[in-house]
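Asks: Once you've had a glance at the structure underneath, I'll fire off some questions.
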Amino acid sequence: MCYGRCARCIGHSLLWLSIFCIIANILLYFPNGETRFASEDHLSRFVWFFSGIAGGGLLMFLPASVFIALEEEDCCGCCGYDNCGKSCAMLSSVLAALVGIIGSGYCVIVAALGLAEGPLCLNTQGSWNYTFANTEGQYLLDTDTWSQCLEPNNIVVWNVSLFSILLALGGIEFILCLIQVINGVLGGICGFCCSRQQQYDC
C-alpha cells in the first residue's frame, strides 16, 4: 500500500528528528560545554521541562516505530482479506500519531516559552535573573541588548539557537504526525473499501 510506504517514510523522519531534539535539549544543560551552571542551578527554568528529551524525543519513538513497521503490518488479516488487516493497522496508527502530536506540541510550546522569557544569566548589576523576561520577546530582534548577560558567556546566543532548533524540529514533527493522521484515516478507509470490493468480486 502506498499509504504504508508514506507512513514508513514519516516514521524514519520522526526517528531522526527525535534524536536531534534530544541532542539539542542536552546541549542546553551545558552552555559553552561547561557543567557548573547546571550544578549551580543557573539555567533557564524551561531547560528543566525536558521538552526535547521527553516531548520531541523519547515520546516520539512510539509513533516512529509504529509508522516504520506499518508497511508490513497486517493485523492478522480480516475475513481472509489482507487489505482489511492493513486497514486495521492504518487506522490504529492514528492513535500513535496523536501521541506524537501531543509530544511535539509540548516541545513547541516549551521552546517558544523559553525563547520568549530568555535565559537566566548574571547581568551587569551582578545578580542572576531573567534579564529579558519583560521584553515580550523583543530582545530577539535587538542583539545589542544581549551583552547585558555576562555569564554564562554567550548564553543568549546559546539559548536562542537551541530553543529555536527545538521549536523548528518540534514543529516539523507536529506537521508529520498530522499528515499521518490524515494518511492513516485515508489508508484505513481505502483498505476497507478494497476488502469489500474483493468480497463482491467473489
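The values are calculated or read from the model by the stated rules, or taken from the named source; none is laboratory data. All values reported here derive from a predicted model rather than from experimental measurement. Cβ atoms come from the backbone with ideal geometry, glycine included; neighbour counts cover every protein chain shown.
Asks: Filter segment 1-35 down to the residues that are hydrophobic (A, V, I, L, M, F, W, C) and free of Cβ contacts under 8 Å to residues at least 60 places away in the same chain and list them by number. Outline the logic, then answer.
Replies: As a first pass, look at segment 1-35 and keep what is hydrophobic (A, V, I, L, M, F, W, C): 1-2, 6-7, 9-10, 14-17, 19-24, 26-28, 30.
Once the filter is applied, which keeps residues that are hydrophobic (A, V, I, L, M, F, W, C) and free of Cβ contacts under 8 Å to residues at least 60 places away in the same chain, segment 1-35 yields Cys2, Cys9, Leu15, Trp16, Ile19, Ile22, Ile23, Ile26, Phe30.
Asks: Filter segment 93-129 down to the residues that are touching a residue at least 24 places away in the same chain (Cβ under 8 Å) and either at positive phi or among the hydroxyl-bearing types (Ser, Thr, Tyr) (or both) and list them by number.
Replies: If the condition is that a residue be touching a residue at least 24 places away in the same chain (Cβ under 8 Å) and either at positive phi or among the hydroxyl-bearing types (Ser, Thr, Tyr) (or both), then Ser93, Ser104, Tyr106, Gly118, Thr124 are the ones that fit.
Asks: Give the residues of segment 10-41 that are assigned to a loop (DSSP other than H, G, I, E, B) and modelled with pLDDT of 95 or more, sorted by residue number. Show your work before the answer.
Replies: Kept after step one, since they are assigned to a loop (DSSP other than H, G, I, E, B), are these residues of segment 10-41: 29-30, 34-35, 40-41.
Listed by number, the residues that qualify are Tyr29, Phe30.
Asks: Another question, if that's okay. Among the listed residues Val181, Val157, Val110, which satisfies the condition of being in a helix (DSSP H, G or I), farther than 22 Å from Gly57 by Cα and of a type in the set (Val, Ile, Thr)? Quick ask: steps written out before the conclusion?
Replies: Details: Val181 fails: farther than 22 Å from Gly57 by Cα; Val110 fails: farther than 22 Å from Gly57 by Cα.
So the residue among Val181, Val157, Val110 that is in a helix (DSSP H, G or I), farther than 22 Å from Gly57 by Cα and of a type in the set (Val, Ile, Thr) is Val157.
Asks: Given the condition more than 24 Å from Phe49 (Cα to Cα), outside any helix (DSSP H, G or I) and touching a strand residue (DSSP E or B) at 6+ places or on another chain (Cβ under 7 Å), answer yes or no: does some residue in segment 77-87 qualify?
Replies: Initially, segment 77-87 is screened for residues more than 24 Å from Phe49 (Cα to Cα), giving 77-87.
Now narrow it down to the ones that are outside any helix (DSSP H, G or I): 77-81.
Now drop any that are not touching a strand residue (DSSP E or B) at 6+ places or on another chain (Cβ under 7 Å), which leaves none.
No, segment 77-87 contains no residue that is more than 24 Å from Phe49 (Cα to Cα), outside any helix (DSSP H, G or I) and touching a strand residue (DSSP E or B) at 6+ places or on another chain (Cβ under 7 Å).
Asks: Go through segment 10-47 and give me each residue that's within 20 Å of Leu178 (Cβ to Cβ) and surrounded by 15 or more Cβ atoms within 10 Å (Cβ to Cβ). Steps first, please.
Replies: Step one: list which residues in segment 10-47 are within 20 Å of Leu178 (Cβ to Cβ), which gives 10-18, 20-21.
Passing the criteria: Ile10, Gly11, Ser13, Leu14, Leu15, Leu17, Ser18, Phe20, Cys21.
Asks: Further question: What number of residues within segment 114-134 are within 27 Å of Ile23 (Cα to Cα) and part of a helix (DSSP H, G or I)? Before the answer, list the steps.
Replies: If we filter segment 114-134 for residues that are within 27 Å of Ile23 (Cα to Cα), which is where we start, we get 114-122, 128-133.
Next, only the ones that are part of a helix (DSSP H, G or I) stay: 114-117, 133.
Count: 5.
Asks: Additional query: For segment 113-126, how many residues are modelled with pLDDT under 95 and either among the hydroxyl-bearing types (Ser, Thr, Tyr) or within 30 Å of Leu59 (Cβ to Cβ) (or both)?
Replies: Residues flagged as modelled with pLDDT under 95 and either among the hydroxyl-bearing types (Ser, Thr, Tyr) or within 30 Å of Leu59 (Cβ to Cβ) (or both) within segment 113-126 amount to 1.
Asks: Go through segment 135-154 and give me each residue that's buried (at least 16 other Cβ atoms within 10 Å of the Cβ), in contact with a Leu (Cβ under 9 Å, 6 or more places away or on another chain) and outside any strand (DSSP E or B).
Replies: Leu140, Pro152
Asks: Residue under question is Ala7, and the condition is that it be modelled with pLDDT of 95 or more and over 30 Å from Leu150 (Cβ atoms); does it hold? Give the steps one after another, and end with the answer.
Replies: Details: modelled with pLDDT of 95 or more: no; over 30 Å from Leu150 (Cβ atoms): yes.
No: the conditions fail for Ala7.
Asks: Considering each residue of segment 155-165, count those that are in contact with a Pro (Cβ under 8 Å, 6 or more places away or on another chain) and either loosely packed, with under 14 Cβ neighbours inside 10 Å or without any contact (Cβ under 8 Å) to a residue 24 or more places away in the chain (or both), and give that number. Lay out the reasoning, then the answer.
Replies: Of all residues in segment 155-165, those in contact with a Pro (Cβ under 8 Å, 6 or more places away or on another chain) come to 155-156, 158-159.
In the following step, the residues that additionally are either loosely packed, with under 14 Cβ neighbours inside 10 Å or without any contact (Cβ under 8 Å) to a residue 24 or more places away in the chain (or both) were identified as none.
Counting residues in segment 155-165 that are in contact with a Pro (Cβ under 8 Å, 6 or more places away or on another chain) and either loosely packed, with under 14 Cβ neighbours inside 10 Å or without any contact (Cβ under 8 Å) to a residue 24 or more places away in the chain (or both) gives 0.
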